[in-house]
Amino acid sequence: LMSGVKNNVGRGINVALVNGKTGETLDTKFFDMWGGDVAPFIEFLKSIQDGTIVLMATYDDGATKLNEEARKLIAELGSTSITNLGFRDNWVFCGGKGIKTKSPFEQ
């Protein structure tokens, strides 16, 4: 989903959006949560449409710049671990916009 290139991920939180009906990849991005700004990540999370499958994985540090608003938006996608994500923690998550329960996969 991210790319066919080895070591293709970016520092921070890597995100892939997938159409929940067709399986088509809609978008892939990464957000630097160490040296970057959380505001573009929050705007990205707010723009996700209902019915979209959301895959996230951290690389290096995915938590330093996360604020309460960003964590709340990720929790609304089904995450239960995002509130405890700390500096350089490894985290993978599969959720969805409009999900009514906790994520079926999070580690």
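Every number in this text was worked out from the coordinates using simple rules, so none of it is lab data. Everything quoted here is computed from the prediction, not taken from an experiment. Methodologically, a virtual Cβ is constructed for each residue, glycine included, from the backbone with ideal geometry; neighbour enumeration extends over all protein chains shown.
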Out of curiosity, is Asp61 within 13 Å of Ile13 (Cα to Cα), in contact (Cβ under 8 Å) with a residue 40 or more places away in the chain and touching a Lys or Arg at 6+ places or on another chain (Cβ under 8 Å)?
yes
Collect the residues in segment 81-107 that are acidic (Asp, Glu) and within 12 Å of the chain's Cα centre (by Cα), keeping them in residue-number order.
Glu106
